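The values are calculated or read from the model by the stated rules, or taken from the named source; none is laboratory data. Note that the structure is predicted; figures quoted are calculated from it, not measured. FYI the Cβ positions are ideal-geometry reconstructions off the backbone, even for glycines, and counts take in every protein chain you see. Remember, those area values only see protein heavy atoms, side chains included, never the ligands or the DNA or RNA. Shrake-Rupley method; radii C 1.70, N 1.55, O 1.52, S 1.80 Å.
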Amino acid sequence: MSVSVFDLFKIGIGPSSSHTVGPMIAARQFACYLESTVGLAAVHSVTVELFGSLSATGVGHGTDKAVLLGLAGHEPDRIDPDQIEPAIAAIRASQSLNLLGERSIAFIEKEHLLFRRKSLPMHPNGLCFHASDALGQEIVQREYYSVGGGFVIDAAGERVLNHSSALPGTAGHGQGLPHPFQTGAELLARCQATGLSPALLMAANEEHWRSATEVRRQLLAIWKTMAGAVQRGCASTGTLPGPMRVRRRAAELHQQLSRSPEAALRDPLSMLDWVNLYAMAVNEENAAGGRVVTAPTNGAAGVIPAVLHYYVNFLQGPIPANDDGIATFLLTAGAIGLIYKENASLSGAEVGCQGEVGVACSMAAGALAAVMGGTPEQIENAAEIGMEHNLGMTCDPVGGLVQIPCIERNAMGAIKAINAARMALRGDGQHVVSLDKVIKTMMQTGADMKSKYKETSRGGLAVNVVEC
Ligand code: SF4
């Protein structure tokens, strides 16, 4: 697989990339497959089975709604978040849905959407779709896996693309890329051989698939969406969906910080309050099912925007925080995220939260080191520190909702990323544990982790905190 920065940063909806965005893409892909094979007119019913983690935390993560929307033809980056609840309410009230908006079939959730506790062998996030004809005979059956960060593969391991990824070459294997790399060592070797930074290498690779103008346009669209999530998060009050009625805190914190700017002069660490605010605002938006950027997952969607806002709002140089600086930040983060995707996992259901907030922290640390003038070796060092101190972090969302511990955890990930960048920049880039070694360790640690700590809500905080 060849990974683009736009595979790692995808505009979508909350609350989960693996449990909401991925299943929506899979469901739509299944409906498109029906259309192109047997034809929608031949289909009289569709049954969907959700396996493993999708079954365990699917309702809390909105997997059920995502599947309905995907079958109806909706796409995570195009659907208006405000239209989601009315669309779901209409399907539930009529007990029918319109496949791809064209073919109405009966859909009664307790009969047609089935939650299976066991996992399929390929990955903990499995979906199996069945279509039947007028006689009730099965005519098509397909399996998909939502493997983290909105990536979806089929039973043959082939990548399932949504429309925005379906640009020439993205689905290929990197043939023709000017600077292919899969590991941290290869990235550093390329930087040394060419004299280019990780961001410039990444930009050159992106231009294999898209024009430089288009790369820039899409990067700035990602930034604009991240900034929009922060703004909406800072303006929204009330409680988040779910039985815990978790209070949204970002708006109040924003008011506090804005009300007394002079307090910041007395407290040199007040900047941390702002970083916390940016991260919490995005993750509250995500938990509410709003528009966010998967970065590289939705559960971890606040870390990179928070550190990017810190760069834009608090730092001056050496790379100015203008459009070029923002592009450098996102491309560097993408180069680091690519290495995780190629060698490990971005899935909380596969490796725990170290694969979500841990990876986001590592990406943000390297990106911040880059815009603070770091060498490629210091950037790699920052990314390594960002993961080393997240190793072993479990995924135990209370109530199966992407709220506790996820919202605060993003703030902690952002602060840790800033510290990792600063630590790396105080060194010369030489260090004992390489990025590749820490990624390998993260993967092995995830494999050793019991499944109750991997997005099943059967361990950790999820069993010690009682929902009311
Ligand atoms: S605990 Fe971490 S991995 Fe699990 S849902 Fe929350 S953010 Fe995602």
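Here are the numbers for the structure shown:
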{"item": "Conditions (1) part of a helix (DSSP H, G or I); (2) of a type in the set (S, T, Y); (3) touching a Leu at 6+ places or on another chain (Cβ under 9 Å): number failed by T20", "result": "(3)"}
{"item": "Meets criteria (under 23 Å from V59 (Cβ atoms), crowded, with 24+ Cβ neighbours inside 10 Å and either touching a residue at least 60 places away in the same chain (Cβ under 8 Å) or not aromatic (F, W, Y) (or both)) for N410", "result": "yes"}
{"item": "Residue check for V275: assigned to a helix (DSSP H, G or I), within 13 Å of the chain's Cα centre (by Cα) and closer than 17 Å to A251 by Cβ", "result": "no"}
{"item": "So Q231, is it open to solvent by 60 Å² or more (accessible area, probe 1.4 Å) and at pLDDT 95 or above", "result": "yes"}
{"item": "Any hit, region 96-107, residues being closer than 25 Å to G136 by Cβ, hydrophobic (A, V, I, L, M, F, W, C) and open to solvent by 20 Å² or more (accessible area, probe 1.4 Å)", "result": "yes"}
{"item": "Of the criteria (1) surrounded by fewer than 17 Cβ atoms within 10 Å (Cβ to Cβ); (2) closer than 28 Å to R117 by Cβ, which one L50 fails", "result": "(1)"}
{"item": "Among the residues listed as S260, S270, the single one being away from the ligand (no atom under 16 Å from the Cβ) and closer than 21 Å to A421 by Cα", "result": "S270"}
{"item": "Any hit, region 386-395, residues being at pLDDT 95 or above, more than 11 Å from the ligand (Cβ to nearest atom), part of a helix (DSSP H, G or I) and more than 23 Å from A281 (Cβ to Cβ)", "result": "yes"}
{"item": "Complete set of residues in region 312-363 that are within 16 Å of the ligand (Cβ to nearest atom), open to solvent by 10 Å² or more (accessible area, probe 1.4 Å), in a helix (DSSP H, G or I) and closer than 22 Å to L187 by Cα", "result": "K341"}
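This table checks each residue for (1) part of a loop (DSSP other than H, G, I, E, B); (2) in contact with a Phe, Trp or Tyr (Cβ under 7 Å, 6 or more places away or on another chain); (3) small (G, A, S).
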{"residue": "C234", "(1), (2), (3)": "no, no, no"}
{"residue": "L257", "(1), (2), (3)": "no, yes, no"}
{"residue": "A264", "(1), (2), (3)": "no, no, yes"}
{"residue": "A281", "(1), (2), (3)": "no, no, yes"}
{"residue": "E285", "(1), (2), (3)": "no, no, no"}
